[in-house]
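Heads up, the thing below is written out as structure tokens.
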Amino acid sequence: MSNEHEIGVKKAAELLRQGATMLEEACPICKMPLFRLKTGEVVCPVHGKVYIVKSDEEERIVKRNLELDEIENILIDGLYANAKKIKEDPSDSEAILQVIRYLDALERLRRIKPSNSQ
Ligand SMILES: [Zn+2]
């Protein structure tokens with residue numbers, strides 16, 4: 001029995017004590033049974049919060065949303081880097097242009113992202 005599995009079994013017992021319900025679905029990574037917490041969140045005892053996907057279509061959407069989040073983070077990093085340049089040199093017109101471009105890209109991205117994701 002692997003160490004990870006042992007931890008999972010202990011955590012599973014703990015989740016049950018806290019009133020979580022064991023589900024029929026298994027974790028896609030470690031195959032441990034998943035649990036639904038009282039809050040409605042679904043967790044794997046080893047991996048924590050997981051997304052259950054019931055179809056390829058759903059998996060594709062979840063993956064796409066994760067990618068959009070990643071892109072948003074990259075854009076925010078770029079925005080921040082250029083805003084810092086402007087702080088150092090307020091006449092840096094290239095940085096000002098970049099900030100506008102990043103803001104524009106973020107606005108467009110948010111238009112295609114599902115509204116929840118907060
Ligand atoms: Zn797992």
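Coordinate-derived values only; no laboratory data. Not measured: the values here are computed from a predicted model. Positions of Cβ are generated from backbone atoms using ideal geometry, with glycine treated the same way; all protein chains shown enter the neighbour counts.
Give the residues of region 71-99 that are hydroxyl-bearing (S, T, Y) and assigned to a helix (DSSP H, G or I), sorted by residue number.
First pass over region 71-99, keeping only residues hydroxyl-bearing (S, T, Y): 80, 91, 93.
Once the filter is applied, which keeps residues that are hydroxyl-bearing (S, T, Y) and assigned to a helix (DSSP H, G or I), region 71-99 yields Y80, S93.
Can you find a residue in region 6-29 that is within 11 Å of the ligand (Cβ to nearest atom), touching a His at 6+ places or on another chain (Cβ under 8 Å) and within 18 Å of V62 (Cβ to Cβ)?
yes
What's the number of the condition S91 fails, among (1) in contact with a Lys or Arg (Cβ under 8 Å, 6 or more places away or on another chain); (2) surrounded by fewer than 11 Cβ atoms within 10 Å (Cβ to Cβ); (3) not aliphatic (A, V, I, L, M)?
(1)
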